[in-house]
Amino acid sequence: MRESIAQDYESFSSIYSMEGMEYVEPLESYEQFLSYLVNRYPFYGYGMWTITEKETGRVIGRAGLEEREVEGSVYTELGYLLSEDMRGRGIAYQVGKAILDYAKEVLYIEEIHVFIHPKNTPSKKLAEKLGFLEVKELEDKVIFGMKF
C-alpha cells in the first residue's frame, strides 16, 4: 500500500467499473481526486491508499480510513475494494488487518466501522473475519463496528 498519486486515477476508473462494484459508491471526479491527494493526507495523516501488486507494481485496489457522517454521528470508516481478478486470494484481509493495526497502534483510533450494502455478502464476510460485529442495519447499509 502507498499514498495514491494522480496517475492512479485511470486504474481506479477501470476497477470501479468491474463486476461486483455495484455496491460501492462511485469514484469521485478527477478534480475531486486531485484535491483529495493535496489536502487529505497532510491534514489527517491517513486516507484511502493505493494497493499495488508486489511483483508488478500494478494498481489492484484501494483501501484506507475516512470519516463518514450517518444520522448526525461521525464514524471513522474502513473502506476497501479490489480488482476483480485479485479477489479471493486473502489480499483484502491482509490489507484490512494492516490498516486496523495502523489505526490502533499509530493513530490511536479507538473505534472503526464499515458500511456495507446488505446484499454484499463477500464484504460482510471479510468484515466479520477482520473482527467487526454488526451494529445496526439501515435502509441501504449494514454498519459493522470494532472497538480496540
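Listed here are the residues, each with its yes/no results for (1) touching a residue at least 12 places away in the same chain (Cβ under 8 Å); (2) surrounded by 19 or more Cβ atoms within 10 Å (Cβ to Cβ); (3) out of contact with any Phe, Trp or Tyr (no Cβ under 7 Å at 6 or more places or on another chain); (4) small (Gly, Ala, Ser).
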{"residue": "53", "(1), (2), (3), (4)": "yes, no, yes, no"}
{"residue": "68", "(1), (2), (3), (4)": "yes, no, no, no"}
{"residue": "78", "(1), (2), (3), (4)": "yes, yes, yes, no"}
{"residue": "93", "(1), (2), (3), (4)": "yes, no, yes, no"}
{"residue": "103", "(1), (2), (3), (4)": "yes, yes, yes, yes"}
{"residue": "124", "(1), (2), (3), (4)": "yes, no, yes, no"}
{"residue": "129", "(1), (2), (3), (4)": "yes, no, no, no"}
{"residue": "132", "(1), (2), (3), (4)": "yes, yes, no, no"}
query = Which number in (1) charged (D, E, K, R); (2) assigned to a strand (DSSP E or B); (3) exposed (fewer than 14 other Cβ atoms within 10 Å of the Cβ) marks the one condition that residue 139 misses?
reply = (2)
query = Out of 29, 4, which single residue is polar (S, T, N, Q), at pLDDT 95 or above and crowded, with 17+ Cβ neighbours inside 10 Å?
reply = 4
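Would you mind stating whether residue 108 is among the hydroxyl-bearing types (Ser, Thr, Tyr) and either assigned to a helix (DSSP H, G or I) or touching a residue at least 24 places away in the same chain (Cβ under 8 Å) (or both)?
no
Quick one: which of 9, 23, 44 is modelled with pLDDT under 95, surrounded by 15 or more Cβ atoms within 10 Å (Cβ to Cβ) and out of contact with any Cys (no Cβ under 9 Å at 6 or more places or on another chain)?
Exactly one residue qualifies, and that residue is 23.
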ask   = If residue 74 passes every condition in (1) modelled with pLDDT under 95; (2) more than 22 Å from residue 7 (Cβ to Cβ); (3) surrounded by 11 or more Cβ atoms within 10 Å (Cβ to Cβ) but one, which one does it miss?
value = (3)
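The values are calculated or read from the model by the stated rules, or taken from the named source; none is laboratory data. No experiment lies behind these values; they were computed from the predicted model shown. Because the Cβ atoms are built from the backbone with ideal geometry, glycine has one as well, and the counts that use them run over all protein chains shown.
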